[in-house]
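Please treat every number below as a calculation from the coordinates, not as lab data. Predicted model, so just to flag it, every value in this text is computed and none were measured. Counting neighbours? That spans all protein chains shown, and the Cβs are built from the backbone with ideal geometry, glycine included.
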Amino acid sequence: MKELVLVLFGVGRRQLLPPQQEAGAPTGSNIAPFYTLATDLSDEQIATMLGWGWVSTKWLSINFVRFPTPLPTYVATWESSTAFVSSAPQDVEDMLAAGFTREPLLSTTARIICRDKASGAAGKWGDTTMADAFNTIINSVKVRVLPRRIGPLNTPAPLYAMYCNPPTTNEKDWEEFRDAIQAHSFGVDGGRSPNIFYGDACKICHSADHSVGLCYLDSVDGWNGPRRNNYSNQPAASSSRGGRNGGRGGNHQQRGGGNRQRGGGNPQRGRGRGGNGHGRGNRYPAAGDNLDHNTTSAMLRAAGGGWPHHR
């Protein structure tokens, strides 16, 4: 790797910082893919690395992502397609987006946006109005349909992975947001709510939002790592209602970075830190009717203006 980044990008050996154990972390074997921090990079080097994305040779494959990594966009996976009005991704997106206009998810999202705005320069919203920020989040909802067959008859049972732009730059607040979505009832009136799905993380890239059978890495030109056919093609057929999913992931955006860059791994599909997702539960009390009437009405009007949400 050191030779490759030196030749292609002019990054010297002394600029590379190998993985180091976090203070207080238990001793254990690191799990590939490994991250190496590249320091003191020029803006041109950063742009070139991000432009390449993946570099594969006959010796190894390297992926370049910003550091610090952005908060995930992946929040949950659902099953029970009969709970959705339609199994088409756009229709599922509309159903999930509509759920943001109902309590307690409405208040939770609004409260997190307020805290982010109150954090000043450390936040993401700045002078953006509450209504515009809320509508931006709704309009960012995306769904990826993961094909799956279960049972002796190989009955189709697709999974629906949801992605949504974070309403904050704060990790603890993002975890509260994720937990609120996973605990929320997205069912329509008179119907049932879909079941939250808890499956195993990908054994190739350790992403939380897909099983190994749906990993795209072995389709990267020149990929040198393990391949899907080395493992099972099917996600685990387990599910439950409620609870929390500790996996983090799904980065479809970039932020931060400065003059630092790190390579390796897969930033696109839900990596948890150190290859293992984690969650800390809610830091704040559960959402309730803690927004005044005018704020709630304004939020609902804003959401109504984007329903079905813009694409």
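With point charges of +1 on the Cβ of Lys and Arg and -1 on the Cβ of Asp and Glu, referenced to the Cα centre of the range 113-215, which listed residue (141, 165, 201) lies farthest in the positive direction of the dipole? The listed residue farthest towards the positive side: 201.
Listed by chain and number, the lysines placed with their C-alpha closer than 18 angstrom to that of residue 117 are 172; residues fewer than eight positions away on the same chain are left out. With Cα atoms defining each centre, the range 194-220 and the range 69-119 are spaced 20 Å apart in the structure.
Phi angles across the range 196-208 convert, under the Karplus curve 6.51 cos²θ - 1.76 cosθ + 1.60 with θ = phi - 60°, into 3J(HN,Hα) values of 5, 10, 10, x, 6, 5, 4, 7, 8, 10, 6, 5, 8 Hz, Gly and Pro given as x.
Across the range 166-183, rounded Karplus estimates of 3J(HN,Hα) from the backbone phi angles (6.51 cos²θ - 1.76 cosθ + 1.60, θ = phi - 60°) give x, x, 7, 9, 8, 5, 5, 5, 4, 5, 5, 4, 4, 5, 5, 5, 5, 8 Hz, Gly and Pro being marked x. A straight Cα-to-Cα reach below 16 Å connects residue 2 with the lysines 58, residues fewer than 8 places away in its own chain not being considered. Residue ranges 61-70, 87-96, 218-227 sort as 61-70, 87-96, 218-227 when ordered by packing (mean number of other C-beta atoms within 10 Å per residue, highest first).
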